[in-house]
Structures are given as C-alpha cells and as structure tokens.
Amino acid sequence: MSQNKKKFFGKHKHEQELEQTQTLPSMSENTADKTVQTEDNTALEEASEKADADEKNEKAEQIAESFRKRFNRSKCVRVIIAAGLIILLVGGSVFAVIQSRNTGTEDTVPTTAVVTYGDIGTYIEGSGETAARNTEELGLGLEGKISQVLVSEGDAVHAGDPLVVVDPTGIREQLTAAQAEFTAAQSELTNAQAAITQAQSRIASAQSQYTHSSATAPFSGKFIASSTFAVGQKVSAGQTIGRMVNDSQMQLAVQFSSEYAKDIKAGQTATISTSAGQVSAVVSSIDSTSGKGTFLVVLTVQNPSGSLAQGTSATATINSDSAGTIFSSGSGTLDYSKEQVITAPISGEITAYNGSNRTYSSSAVIMSISNVAAPDTSDARSSLTAAQSTAAAAQAKVSEIQTRILKLQQEILDATMTASMDGVVTSLNAEEGEETDGTEPLVVVSDLSDTVVTAELTTDEVQSVEPGQTVTMNMYTMDGSELPLTGVVDSVSPEPSQNTGSQGSLTTFKAIITVDSIEGQAISSGMMVDYKIAVAESNGCLIVPTSAIVHTADGSTGVFTKKLIDKDGNEISFDDTLPIPDGMEAPEGYQLVAVETGVSDANNTEIFWGGDEGATVYLNATPNTSNAVTDEENTAYNG
C-alpha cells in the first residue's frame, strides 16, 4: 500500500452498538430485501446458533476483503471522513460492519443504527515536499577557480559567515578589458556629440539669414483689418494691420446724478435702451469722481449675436433696492469691452493672411511675414541626422560597457560568498581547485526554522480551502519512520497553474502550508509529506449515519427514531415530530423526529439537537461508503 493512499477516520468517544432487532418493515421496493436478522434464542437450536455465528463471521471477512479492494482504487487527493464505526454484536464477538458497493454481492446491510458520540469532519488530503520559506543561492553567474570551501553541507551558519571563495583573477582581467573598451566608446561618443554641435551651428547660421514671423491674436475675438491685405504685399515693422476686439461683450459708459451715488453699486442689474430696443446689462464699475453733480457708471452687456455695434447711442436705467429705478442723466455710446491694436512684427512680404472680420482664438496666426527667401539647410540637416545616429549608437555602447563593468566589480565582491541570513547549508556544489562556470549555485543556505509545504489543489478543492485552516501532516524521514507535524494554511493562490502528467494537463491552485516548528528539531527540506487539510470538523458530537437523515418538502430535517418504552411497557411519543413525506412509510415503532444537523458527509451527519445518545434510528437509504479506511483500521476485532 503506497504512502499517499492512507485514509484517516476520527476516533469515536463511544463505540456504536447495533441493536439486536427483528426485521423492520421496508422503506421502499429497493430496500425490501435489506434486513438484519437477529439471533432468535427461543426459536433456534444450539447447533443452529453456532452455524449462524459462523456464517456471519464469514460475511464479515467478505466485507473486509471487499473494503480492502475498494481502498486500493482511492484517489491520491480525496476527502477523508472521520466518523464512528457501526459495531455489530454477533455471538459474543464484535465486528466492524461495512457495506460493500460491489454489484452482485449479497453482503448483509444494517437497517438501524445507534446515535452515538464521535468525531466527524471533511478533509482534503494530498502529498507534497517540505521547503524552507527563505532560501538563498550563491555563486550563480560567477566564473573562476574555487580557492576555498569553508563549510560543509548541513552546517549551521550565521549572517555574514564566509562560505566559499572563488579566485577573482580571471574576473579582474575581464574588468581591465572592459574598462579599456569603455574609454574607447566614450571617445567615440565625444566625437559624435561634437559633430552634432557643428551641424547645429551650420543650421543656425543659415537660419540667421532668414527671418520669418507672424502676427497673432492676443486674445479670442474678432480681427478687424485696418486696410486690405494680400499675400505678396509688403509691410513695415510696427505698421498697424488692424484691431483685435472682443465684440461678444459690449460696454456703455453713462453719467448718473450724484444724489444716487449711495444707491448704485457694482453687480446691480440694469437696462440699456437703443433705437433697436432694450437689452439687460450689469453694473461693472463706478467712478464717483468723474464730474460735477454726476458720476460715471460703466455697464456691461452680453452681445453673443453681434447685433450691438460699436458707437451705438444708448441710455440706461439701474434697478436699485433703495431708490427703485434710476435713470441716467444722459446718453453714452456702446464700445467693445476689450480692444487691442495689431502691428506687423517685422518688415517683409506677407506669405500668409487669414482674413479680416473673422473670429480668431487666442494665439492664432493672423498674418505671416518673411523678409528673404528661405535658405537651403538640407546638407547641414543630413550631417546632423548622421551625427545623432552615431551618438546614439555610441551612447548605447557606453551604457552596455558600464553595466558590464558594474557586474564584474560586483562579481569580485561576491567572489567571497557570505551568508546573508542565519540558516543551514542545504546544498554544496563546490570543491577546492575546481573551475565554476556560474551555471549552478555553489552553495545554498536555507532558514529551516520557517518551513512550508506547497499543496496543489484541484478546481473543486480550492473552493473549500482558505487561510487559517488547520493541517495535520506525516513526514517520512530518511530512516523510514514517520514524523507527525501540524500547521496551518498560510495562503491560497487565486491564479491557476498547469501541471502536466501521464494523464494529461491538470489545472491546480497552489496553497502554502506553514509547518509548526518542533522545539529542538530541524525539519529538513525536500522531505515527502502527506497532508490533511481540515475543511470542516466537529469533535465529540452526536452523529448518525447520513442515510438516516430524511428531508421533507417544507425543508425540515428529521430522523426516524425508535419510540421509547416506559417501565410499564408503554410507548413514549416524541414531542417534536414531522409529518411523513409522501411516498414513505414510518417503520413500525418509529417516529420521524425533527433534528438540526451540522457537519455532514456521505456517511455520517452531526446532530445538534433532536437526537439522544443511544437512541435507535432507521436507515432510509444505502450508506455511501466510497471513502474507505485502511485495512488496519477496519479489521474486525474480538470484543
């Protein structure tokens, strides 16, 4: 039997006894022939009793043999059910009773069981290897002759301890060559950068003979040209070419009587009246010292459609809370809220003109002007492109050599390998005088005080496993003995991985199990471990076979329980009973008693309430015994 095919069952606190009863009424046609016959001490002769006992002993042996065959077909990773065994009393001897699922057998199947205390749980079991959570590999990428080996495999080391020394002579020679390459590459880069500077100077010199400039909009608004302009026309520097105005907002400056100086304030609403009609406005500013007997008020009015024109005569009224409607003392003229003169930036020829009486956004080009024809800089630009390409290649070469130099310098420092943490030398691949090419680590140091096991979980299993669940383990040591370990699930990876085996590719999820340390004993890496993750457990609880559980249409749960008999021989009915589901009949002498269940599996179910220890329950369906126990755990024993 392989180490990975072990099953474990929780040990009962009390052995179950199978009550000796007469054959009970069947629950359905499928269970009509499944009865357990008891010894009939009053009807059988002594010889007949002995024959019956021998026959039952033989059947118990058949059941055990059938169970052993089924165990050999169990999966490596499975759910293990720890539950109490149903004990059958036969002729003064006690045998573990197991129902065979092999078709065609005639094994006797019990129809009743006894409520008992026991342990029940669901587990996920598998195998893995121990590994240190923290491991460092030293010597990778380091080439040279090993000059000193200062440790042996299995030695305990501390952070800073020297372990292996490699003669760095060859590395120093490589470093010297790399430094010479670096000097040459830097010189090449310097020459390329000088060529870039020269080409840029040639371009700048050519461009200095060519002046090109543009008149742009200082703000968003309408450009109004001072005259007609066209491409090819000459203009002079500083010449007015037009105005930039904000005609989306107009202003009206108008006088009001000084007696209303305290009544008019910025932000008050106003109405402007022109020959075309009235529009709403707002008081934007007040100049109280603008005249004798009057003062100047500036009103702002929105003009999105452009219907109000500059110079239009208008009067105004202001709405005041203290003085009511206040009329202006005279009229004023509408003006743009913002206006700026645009001039030609240089003297020259107009090369582009985008037109007058149109709206420009801020910084948009209104007119482009140049004073000479554009110079030919194509040769200088070609030289610049070539120099830039050469410089980029030289820079890349310099960077590569710098990286190589740093690596070689670090290798010289690493030539004396030291431990970066406390731990144990778990691998040593170094002998003095040998050459190393750096493809394998020379020494591996592991912190064996923090050991983990990696569990590979299937898609179904990973849904039940979460951090914090307890784990029991057996580690197989070098001498063939087993060392029990405990631990806890530390983490479960949400990302799947593909494992390829003889039966194809399997999607699994990695779960890291932290192994509890054992005082005074180190747990070696690479040791085979059988683990059992507790998905759900309940110890010392009342349990019944799962086949005794009855589910009603309204969602209630019950168990057919044998009625109690008082001292006078009268039946005692249960208080909390359920109606019999359609299609079922209550066995004679049994009632369907309501129960609350807890942890459950295919074989046994925990009972919170509704059942008492020792009560006899009726089995309604064939128990599922797919989770077999080991031969040793299931061997019949003599009571």
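The values are calculated or read from the model by the stated rules, or taken from the named source; none is laboratory data. This is a predicted model, so every value here is computed, not measured. For neighbour counting, all protein chains shown are included, and Cβ atoms are generated from backbone atoms with ideal geometry for every residue, glycine included. When the accessible area is computed, the model is the full protein with side chains, heavy atoms only, and any ligands, DNA or RNA have been set aside. Shrake-Rupley method; radii C 1.70, N 1.55, O 1.52, S 1.80 Å.
Yes or no, residue by residue, for (1) farther than 27 Å from ASP422 by Cβ; (2) touching a strand residue (DSSP E or B) at 6+ places or on another chain (Cβ under 8 Å); (3) not acidic (Asp, Glu):
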{"site": "HIS158", "(1), (2), (3)": "no, no, yes"}
{"site": "VAL166", "(1), (2), (3)": "no, yes, yes"}
{"site": "LEU175", "(1), (2), (3)": "yes, no, yes"}
{"site": "GLN179", "(1), (2), (3)": "yes, no, yes"}
{"site": "THR190", "(1), (2), (3)": "yes, no, yes"}
{"site": "ALA195", "(1), (2), (3)": "yes, no, yes"}
{"site": "GLN200", "(1), (2), (3)": "yes, no, yes"}
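Scan segment 588-597 residue by residue and report those that are open to solvent by 30 Å² or more (accessible area, probe 1.4 Å) and either more than 15 Å from VAL617 (Cα to Cα) or modelled with pLDDT of 90 or more (or both). Spell out how you get there, then give the answer.
Narrowing segment 588-597 to residues open to solvent by 30 Å² or more (accessible area, probe 1.4 Å): 588, 591, 596-597.
The answer is GLU596, THR597.
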If I filter segment 398-412 for residues that are open to solvent by 20 Å² or more (accessible area, probe 1.4 Å) and of a type in the set (Gly, Ala, Ser), do I get at least one hit?
yes
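Please work out which residue is farthest from GLU434 (Cα to Cα), limiting yourself to segment 175-184 and to residues that are of a type in the set (A, V, I, L, M, F, W, C) and without any contact (Cβ under 8 Å) to a residue 12 or more places away in the chain.
Taking segment 175-184 and keeping what is of a type in the set (A, V, I, L, M, F, W, C), we get 175, 177-178, 180, 182, 184.
In the following step, the residues that additionally are without any contact (Cβ under 8 Å) to a residue 12 or more places away in the chain were identified as 177, 180, 184.
Values: ALA177: 25, ALA180: 30, ALA184: 35 Å.
Among those residues, the one meeting the criterion is ALA184.
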Being open to solvent by 50 Å² or more (accessible area, probe 1.4 Å) and over 19 Å from MET528 (Cα atoms), is that true of even one residue in segment 471-483?
no
Candidate set: segment 93-127, residues that are open to solvent by 10 Å² or more (accessible area, probe 1.4 Å), of a type in the set (S, T, N, Q) and modelled with pLDDT of 50 or more; chosen: the one farthest from the chain's Cα centre (by Cα):
THR108
Any residue at all in segment 207-222 that's of a type in the set (Ser, Thr, Tyr), open to solvent by less than 80 Å² (accessible area, probe 1.4 Å) and under 46 Å from the mean Cα position of the chain (by Cα)?
no
Given (1) in a loop (DSSP other than H, G, I, E, B); (2) open to solvent by less than 40 Å² (accessible area, probe 1.4 Å); (3) farther than 30 Å from LYS145 by Cβ, where does GLU461 come up short, assuming only one miss?
(1)
So, first residue surrounded by 14 or more Cβ atoms within 10 Å (Cβ to Cβ) and assigned to a loop (DSSP other than H, G, I, E, B) in segment 565-587, second residue at pLDDT below 80 and polar (S, T, N, Q), Cβ within less than 9 Å, six or more apart or across chains; the pairs are MET584/SER28; MET584/ASN620; PRO587/SER26
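Do we have ALA266 as of a type in the set (A, V, I, L, M, F, W, C) and open to solvent by 30 Å² or more (accessible area, probe 1.4 Å) here? Reasoning before the result, please.
Details: of a type in the set (A, V, I, L, M, F, W, C): yes; open to solvent by 30 Å² or more (accessible area, probe 1.4 Å): yes.
So ALA266 passes the test.
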Testing VAL301 on (1) open to solvent by less than 60 Å² (accessible area, probe 1.4 Å); (2) touching a Lys or Arg at 6+ places or on another chain (Cβ under 8 Å), one condition comes back false. Which one is that?
(2)
For segment 112-174, give me every one of the strands (runs of 3 or more DSSP E) that falls completely inside it and has 3 or more residues that are touching a residue at least 24 places away in the same chain (Cβ under 8 Å) and within 30 Å of LEU485 (Cα to Cα).
116-132, 135-138
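Here's a check for you: in segment 357-385, which residue that is assigned to a loop (DSSP other than H, G, I, E, B) and in contact with a Phe, Trp or Tyr (Cβ under 6 Å, 6 or more places away or on another chain) is least open to solvent (accessible area, probe 1.4 Å)? Walk me through it before giving the result.
First, pick out the residues of segment 357-385 that are assigned to a loop (DSSP other than H, G, I, E, B): 357, 361-364, 371-377.
Filter once more, keeping what is in contact with a Phe, Trp or Tyr (Cβ under 6 Å, 6 or more places away or on another chain): 362, 372, 374-375.
Values: SER362: 61, VAL372: 63, ALA374: 74, PRO375: 46 Å².
Within segment 357-385, the match that is least open to solvent (accessible area, probe 1.4 Å) is PRO375.
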Which numbered condition GLY468 misses (of (1) open to solvent by 30 Å² or more (accessible area, probe 1.4 Å); (2) part of a strand (DSSP E or B); (3) over 17 Å from SER127 (Cβ atoms); (4) not acidic (Asp, Glu)):
(2)
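How many of the residues in segment 305-346 are among the small types (Gly, Ala, Ser), open to solvent by less than 60 Å² (accessible area, probe 1.4 Å) and touching a residue at least 40 places away in the same chain (Cβ under 8 Å)? Spell out how you get there, then give the answer.
Restricting attention to segment 305-346, the residues satisfying the condition of being among the small types (Gly, Ala, Ser) are 305-307, 309, 311, 313-314, 316, 320, 322-324, 328-332, 337, 344.
Within this subset, residues satisfying the condition of being open to solvent by less than 60 Å² (accessible area, probe 1.4 Å) are 306, 309, 311, 314, 316, 320, 323-324, 328, 330, 332, 337, 344.
Pick out the ones that are also touching a residue at least 40 places away in the same chain (Cβ under 8 Å) and you get 306, 314, 316, 320, 323, 328, 330, 332, 337, 344.
Adding up the residues that qualify gives 10.
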Which condition from (1) at negative phi; (2) out of contact with any Pro (no Cβ under 9 Å at 6 or more places or on another chain) is the one that GLY355 breaks?
(1)
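Would you mind stating whether GLU435 is open to solvent by 40 Å² or more (accessible area, probe 1.4 Å) and closer than 26 Å to LEU138 by Cβ? Give the derivation first.
Values: open to solvent by 40 Å² or more (accessible area, probe 1.4 Å): yes; closer than 26 Å to LEU138 by Cβ: yes.
Judged against the criteria, GLU435 is a match.
Just name the residue that is nearest to SER389 (Cα to Cα) out of those in segment 161-183 that are open to solvent by less than 60 Å² (accessible area, probe 1.4 Å), modelled with pLDDT of 90 or more and of a type in the set (Gly, Ala, Ser).
Let us first name the residues in segment 161-183 that are open to solvent by less than 60 Å² (accessible area, probe 1.4 Å), namely 161, 163-166, 168, 170-171, 175, 177-178, 182.
Keeping just the survivors that are modelled with pLDDT of 90 or more gives 161, 163-165, 177-178, 182.
Among the residues that remain, those that are also of a type in the set (Gly, Ala, Ser) are: 177-178.
On the way: ALA177: 26, ALA178: 23 Å.
Going through the qualifying residues, I end up with ALA178.
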From the options VAL424, VAL452, residue that is aliphatic (A, V, I, L, M) and open to solvent by 30 Å² or more (accessible area, probe 1.4 Å):
VAL424
Which pairs turn up if I take residues in segment 401-428 that are charged (D, E, K, R) and modelled with pLDDT of 90 or more and look for partners that are open to solvent by less than 60 Å² (accessible area, probe 1.4 Å) and part of a helix (DSSP H, G or I) with beta carbon separation below 9 Å, at least 6 apart in sequence or on another chain?
ARG404/LEU175; ARG404/ALA178; ARG404/PHE182
Boolean, GLY267 is more than 60 Å from the chain's Cα centre (by Cα) and on the phi > 0 side of the Ramachandran plot
no
Members of segment 605-615 found to be part of a strand (DSSP E or B) and either touching a helix residue (DSSP H, G or I) at 6+ places or on another chain (Cβ under 8 Å) or crowded, with 20+ Cβ neighbours inside 10 Å (or both), listed by number:
THR605, GLU606, ILE607
Of the residues in segment 588-604, those that are over 41 Å from the mean Cα position of the chain (by Cα) and assigned to a strand (DSSP E or B) number 5
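Yes or no, residue by residue, for (1) open to solvent by 20 Å² or more (accessible area, probe 1.4 Å); (2) farther than 17 Å from ASP119 by Cα; (3) assigned to a loop (DSSP other than H, G, I, E, B); (4) touching a residue at least 12 places away in the same chain (Cβ under 8 Å):
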site	(1), (2), (3), (4)
ILE523	no, yes, yes, yes
GLY526	yes, yes, yes, yes
ILE533	no, no, no, yes
VAL544	no, no, no, yes
ASP554	yes, yes, yes, no
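I need a count of the residues in segment 233-249 that are in a strand (DSSP E or B) and closer than 17 Å to ARG358 by Cα.
6
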Of all residues being open to solvent by less than 70 Å² (accessible area, probe 1.4 Å) and polar (S, T, N, Q) in segment 136-160, which is modelled with the highest pLDDT? Just the residue, please.
SER152
Of the residues in segment 296-309, those that are in contact with a strand residue (DSSP E or B) (Cβ under 6 Å, 6 or more places away or on another chain) and part of a loop (DSSP other than H, G, I, E, B) come to ASN303, LEU308
